[in-house]
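Report on the structure given below.
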Amino acid sequence: MCPDRNIADKRQPHIRVVDLTMAYGDFVIQRNLNFTIYRGDIFIVMGVSGCGKSTLLKHLTGLMRPASGRILFGDVDFWAVPEYRRWELMERCGVSYQDGALWSSMTLSENISLPLEQYTSLSPGHIRRLASLKLSLVGLKGFDDFFPAQISGGMRKRAGLARAMALDPEVLFFDEPSAGLDPVSSKRLDDLILEIRDSLGATIVVITHELASIFSIGSNGVFLDNKTKTMLAAGHPRDILRTSKNQRVIDFLTRGTGKRELPCV
Amino acid sequence: MAENLNDAGTFFIKTDEKGRIQISFSGNWTIKAAVIEENKILKELGHRLVPGAKVMVNASSLQAWDSIFISALIAVKDFLENKNVAPDFTDLPEGVLHMLQLASSSPEAGEVPATGMEKRFLERVGKTFQSYLQSVRDFHRFLGEVVLGLAGLFTGHTRIRAKDFFLYLQNAGAEALPIVSMVSFLVGLILAFVATVQLKLFGAQIYVADLVGIAMARDMGAMMCGIIMAGRTGATYAAQLGTMQVNEEIDAFKTFGINPVNFLVVPRILALGFMMPFLCIYADLLGIAGGAVVGAGFSDITLQQYINETQVAVSLSQFFIGIVKCFIYGLIVALVGCQKGLSSGRSAAAVGRVTTSAVVTSIVWIIITCAVITIICYILDI
């Protein structure tokens, strides 16, 4: 993580998706996806439920192999390199899952410490201090010794984010960060995502269909459609709202009203 | 980007002409680079610190940083604040200041409640004992609910879905056959070996048939079925219901006014209770067959003689004792498995705990029950 990363050229490609087709066996989810995620972007993957947003996340995080097409991290073709290289790339990514996906038999501190223990040679005391730092960054100072079952859903989500940040990743993925959160907590989480991007300079990929989030934090994005099984729009969400000619995109971004005005963000 | 990201981070502390302490950080302060322990900084800082000193932190030659650097700064800050010195961080990069601010902002979750871990020894003993008593009470309540649920079958209060019931039957019956076959056949074989070696000394190998037949019919067939089903079906029941508890499926039943005991537990108990006697008869026969292989194969006795001897020795009442025992074991396995499952906590670890506990508890109760029934049979001379 470099201090100069913030002022680096914003349009430096970080992840490129080229002609990607995603399928479960013969069942195609999405085809011909082409888009670029730039360094420092907050990239929004939007679309109605069931359009393949989560499947795309699985492809980007190395859990599923593309049926065809390529995913490039920098210049490296993610699926063309040997497995150990893939693991190295994954080490630089953090994923924050919908319900936190915290390991239930470990305390919050241990959840965050595990990747640090596996990948670094830091002393146990140092790791513990780092874990507490991560927890305080997400507003959970003092909750080190709690088990995931002892805290609320919103807090679990934050703890999941703290764990995703354990190794100071270059890319952070969020699966439905605001699902199940009240508007205020959801706004706070959005602010936190912005803070992380601004101070750590991380590239952030967010999967969501929460309009308020899409317009307030997104700097780039892609719209996946479940009927045509491909992307219908790409770019800054506000630009998409302003310029898209596609009725399905407009319906999604205006909740079917067709009025091209920003929701309260 | 910095030239070499693996250069270790360094720090340098000096006191300048105005008496200010300057801490300079340089190089890479990242997880990937070699890391300096925070204690080292604090130790050196401690040496130089004089009351009322001003401390400046600068990072002008810092190359790359991540949370390791933030963590070090926080350690410095906490150390100095303990000594009533406010460090001057103004020369740090903006991103660093941002992170520091974020880390020191008050926790959003509000006050941190106690985790419940820091209790004293006696208090823990007391709480453990109370929770044990509570679990005994819970089991009795559960037993009562099951009896009411079974009675509800006749009054129409309990409705079970035929589809589920047949699935449970298949799971507790047909699908258990391979493992029951193997285990009981081998147990019969082992008994026969032990008996053959001893009885050969008296030239009484023919009684191998008696021993194996009676042992399998009265006890071993039933007990092997009980133990296998505890590990197989009991564990399944506990894990299924425990996972349903985790997913709030049990709560969903309750809010529809469907009693989970009636809907989930009663059919499982019926299925296992119904299948166990059949499994027991099957296990008995295979055990006797296993005995015959050794009894007739490793001595002068013919298979016909062995079968005749078995028929004479093993009366029908001995089979019945085994069947009754096995039926009771089935009830124990199903009851314990379901009760543990329903009392599961809401995490993956909790499901694992109740599953283990279901198997162990069932096996212990099976053996205790076996001992009690054996003693009763002895007293009643059956």
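General observations
- As for the range A:89-109, it holds at least one residue that is more than 14 Å from chain B (Cβ to nearest Cβ) and of a type in the set (Val, Ile, Thr).
- Only helices (runs of 4 or more DSSP H) whose full extent lies in the range B:216-295 are considered here, and the ones with at least 1 residues that are surrounded by fewer than 19 Cβ atoms within 10 Å (Cβ to Cβ) and without any contact (Cβ under 8 Å) to a residue 60 or more places away in the chain are B:249-255.
Residue-wise test of (1) outside the structural domain of B:PRO178 (by TED's automatic domain parsing); (2) closer than 21 Å to B:ASP164 by Cα; (3) out of contact with any Phe, Trp or Tyr (no Cβ under 6 Å at 6 or more places or on another chain).
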{"residue": "B:ALA239", "(1), (2), (3)": "no, yes, yes"}
{"residue": "B:THR243", "(1), (2), (3)": "no, yes, yes"}
{"residue": "B:ILE250", "(1), (2), (3)": "no, yes, yes"}
{"residue": "B:PHE256", "(1), (2), (3)": "no, yes, yes"}
{"residue": "B:VAL261", "(1), (2), (3)": "no, yes, yes"}
{"residue": "B:LEU272", "(1), (2), (3)": "no, yes, yes"}
{"residue": "B:MET276", "(1), (2), (3)": "no, yes, no"}
{"residue": "B:VAL294", "(1), (2), (3)": "no, no, no"}
{"residue": "B:VAL314", "(1), (2), (3)": "no, no, yes"}
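- A:LEU116 falls short of the stated requirement of being within 14 Å of chain B (Cβ to nearest Cβ), surrounded by 15 or more Cβ atoms within 10 Å (Cβ to Cβ) and either part of a loop (DSSP other than H, G, I, E, B) or free of Cβ contacts under 8 Å to residues at least 12 places away in the same chain (or both).
- Of the residues making up the range A:123-141, not a single one is part of a loop (DSSP other than H, G, I, E, B) and away from chain B (no Cβ under 12 Å).
- Failed item, numbered, when B:ASP300 is tested on (1) surrounded by fewer than 19 Cβ atoms within 10 Å (Cβ to Cβ); (2) in a helix (DSSP H, G or I); (3) more than 14 Å from every other protein chain (Cβ to nearest Cβ): (2)
- Scanning the range B:345-362 for residues being outside any helix (DSSP H, G or I) and under 10 Å from the mean Cα position of the chain (by Cα) gives a total of 0.
A quick yes/no check of all residues on (1) at the interface with chain A (Cβ under 9 Å from one of its Cβ atoms); (2) assigned to a helix (DSSP H, G or I):
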position: B:ALA64; (1), (2): yes, no
position: B:ALA75; (1), (2): yes, yes
position: B:ALA86; (1), (2): no, no
position: B:VAL96; (1), (2): yes, yes
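- Number of residues in the range B:363-382 that are part of a helix (DSSP H, G or I) and either of a type in the set (D, E, K, R) or under 17 Å from the mean Cα position of the chain (by Cα) (or both): the value is 2.
- In summary, B:THR361 fulfils each of the numbered conditions (1) in contact (Cβ under 8 Å) with a residue 12 or more places away in the chain; (2) in contact with a Ser or Thr (Cβ under 6 Å, 6 or more places away or on another chain); (3) not aromatic (Phe, Trp, Tyr) with the single exception of condition (2).
- Candidates are the residues of the range A:176-198 that are over 22 Å from A:ALA131 (Cβ atoms) and more than 14 Å from chain B (Cβ to nearest Cβ); the one that is modelled with the highest pLDDT is A:GLU176.
The values are calculated or read from the model by the stated rules, or taken from the named source; none is laboratory data. All of these numbers come straight from a predicted model, not from anything done at the bench. When we count neighbours, we look across all protein chains shown, and the Cβ atoms used for this are built from the backbone with ideal geometry, even at glycine.
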